[in-house]
Amino acid sequence: MSIVTTRRRWLNHFLETVAERGRELLDREPASNVVGAKALCRDLLSLRGEASGRAIAREILSLYRSLNEEAKFVFFGALRDEFAAETPAILSAAQAYAEDQNDSNLAALQYAVESPRQELFRRLNLAPNGTASIIDMRADLLQFMKQEPTLACVDRDLRHLLTSWFNVGFLELRGIDWETPAATLEKLIAYESVHEIRDWADLRRRLGSDRRCFAFFHPALPEEPLIFVEVALTNEITTNVHQILDAPTDSVPARNADTAIFYSINNCQVGLRGISFGNFLIKQVVVELQSELPNIRNFSTLSPIPGFTRWAAGEGKELAQTILGYDYDLLTSIPSAETVQRKDCPRQKLERLCAHYLMHAKRDGRAADPVCHFHISNGAQLGSVNYAADCSENGLRQSTGMMVNYVYRTETIEQNHESYATTGHVTADRNIEKLAQRD
């Protein structure tokens, strides 16, 4: 057990003790429903005592976990309506600042526009395991927002706080290998969403001597990875994921490899969705690998294209039908591995359509494909579209088996990032540019 984990467990035990003593000081019956939860929230905002505050925070979080889905939905509605910033106070503070723009009036305006929800969440975070509980709450909230978009104001407050609490300066990069505690290894199996880890033998292969795995951790969640990346060490930029997943152990000795392939990146905490760690993760892993293995000169991903068939069936349908003609039905159902590997399959047409999608399909001025947006915004370059690179059911469903290499060249990362951030331009190798422009 690591020192950080031991300290964290001791701290949680201490906070539990403080909260329990606070509970004794309050001397009242626990609340049991949404009405009681709202009353507890108001009490928490009004109290100044630390022990009683921790006790109420713990009680609120415990009560929230006991609520059914309908009651949780009502609770978030109450946070939206009853714990919002007060309009009269905002207008009064704004008027005072307009009349006299001094620091005191500015501070008063800033205080007025911050909703009581933010302070409520700060105080809830003081409970034992408060951070983990708040992340779980946000995971629920993101689901509720699909049916009730007006809850977005609650999410803005939560996201603001979580972005601050999970600043990259607080994160710890750890290498993961077969000697890592089993509890963490089990989480890798559970959280892997790109290429399923079939069993413990498969996991052990992915942690072999010619592989690397890195994850970000946070002091408040010392045993919970936030995001992790799996890396294969090779002698070339690999264009087929099965060559990685099915390769024999130690197929390329690490000291002889010249290329690092990032073949799986997984966000682990649903409640932290939209709070980006991946750009920092990749850049730090590059530094780690360069330090450990100076023979590594090439850094590339082998990435899925999750939005391709959805785009081709929607806003890109007209172009897809024009390019593919009678072969368009390949995109309307999940093709088999045998189908896409046949010689008469329209490989070049599919590659052309995919290149156009990656380079030119936009949503709000950025690449429509989320994985493409992620890597290009981090400064990578679109290297190649790889046909029949992932013939798993998932790969065939989302992109008819195609995958992409995004290449990270340290000398052009900042230039590529700036170009994309200012103009939305997707930097790509010449062969991809030609493929996307072909008549």
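With a Förster radius of 25 Å applied to the C-beta separation of residue 94 and residue 46, the computed FRET efficiency comes to 0.45. Using only the alpha-carbon atoms, how far is helix 87-99 inclined from the longest principal axis of the chain? Give it as 0 to 90 degrees, nearest 10. On a 0 to 90 degree scale, this one is about 90. Placing pseudo-labels 7 Å out from each Cα toward the beta carbon at residue 297 and residue 283 gives an inter-label distance of 2.5 nm. If you sort 184, 339 by accessible surface, 1.4 Å probe, largest first, the order is 339, 184. Based on the Cβ-Cβ distance from residue 319 to residue 163, what FRET efficiency comes out when R0 is 45 Å, to the nearest 0.05? Approximately 0.75, to the nearest 0.05.
What the Cα convex hull of the range 62-194 gives, in volume per residue, is 170 Å³.
Using C-alpha pairs below 8 Å separated by at least 6 residues, the relative contact order for the chain is 11 percent. Here the range 300-439 carries DSSP beta bridges of which approximately 90% are antiparallel, counting only pairs with both residues inside. Averaging 1/r over every pair of different alpha carbons in the range 368-439 and inverting the result gives a Kirkwood radius of 12.9 Å. Per residue, the chain exposes an accessible area of 50 Å² to a 1.4 Å probe, with every protein chain left in place.
Helix 69-82 and the long axis of the chain differ in direction by around 60°, with both axes built from C-alpha atoms.
Taking every DSSP beta bridge that has both ends in the chain, the antiparallel portion is near 85%. Would you mind checking the pairs 317/343; 187/434; 72/187; 38/362; 317/434 and listing those with alpha carbons more than 32 angstrom apart? Distance filter (> 32 Å) returns 187/434; 38/362.
Each of 265, 56, 334 has its accessible area taken with a 1.4 Å probe; listed largest first, they run 334, 265, 56. Springs join every pair of Cα atoms under 10 Å in this Gaussian network model of the chain, and among 328, 263, 408 the largest mean-square fluctuation is at 328.
Structure remark: mean-square fluctuation, Gaussian network model of the chain, C-alpha springs under 10 Å; the largest value among 105, 298, 394 belongs to 105. Dividing the convex hull volume of the alpha-carbon atoms in the range 300-372 by its residue count gives 102 Å³ per residue. Note on the range 278-408: Cα-only Rg and Dmax are 16.0, 52 Å.
Sorting 47, 289 by solvent-accessible area of protein heavy atoms yields 47, 289, largest first, with a 1.4 Å probe. Average projection, convex hull of the Cα set of the chain: 26.1 square nanometres. Across 383, 271, 365, mean-square fluctuation computed from a Gaussian network of the chain (C-alpha pairs under 10 Å connected) peaks at 365. Which FRET efficiency value, to the nearest 0.05, is calculated for residue 326 and residue 81 with the Förster distance at 41 angstrom and r the Cβ-Cβ distance? The value I calculate is 0.15. Residue 171 sits among other residues whose Cβ lies under 13 Å from its own Cβ, and their net charge, with Lys and Arg +1 and Asp and Glu -1, is 0. Modelled label positions at residue 186 and residue 411, each set 7 Å beyond Cα in the direction of Cβ, lie 4.9 nm from each other. For the chain, the longest principal axis of the C-alpha atoms and the axis of helix 3-26 are separated by about 30°. Note on residue 397 and residue 35: the model spin-label points, each 7 Å out from Cα along the C-beta direction, lie 4.5 nm apart.
Each Lys and Arg contributes +1 and each Asp and Glu -1, all at the Cβ; summed about the Cα centre of the chain, the dipole is approximately 220 debye.
The values are calculated or read from the model by the stated rules, or taken from the named source; none is laboratory data. These numbers come from a predicted model, not from an experiment. Glycine also receives a Cβ, built like all others from the backbone with ideal geometry; neighbour counts cover every protein chain displayed. Protein only, heavy atoms only, side chains kept; ligands, DNA and RNA dropped before computing areas. Shrake-Rupley method; radii C 1.70, N 1.55, O 1.52, S 1.80 Å.
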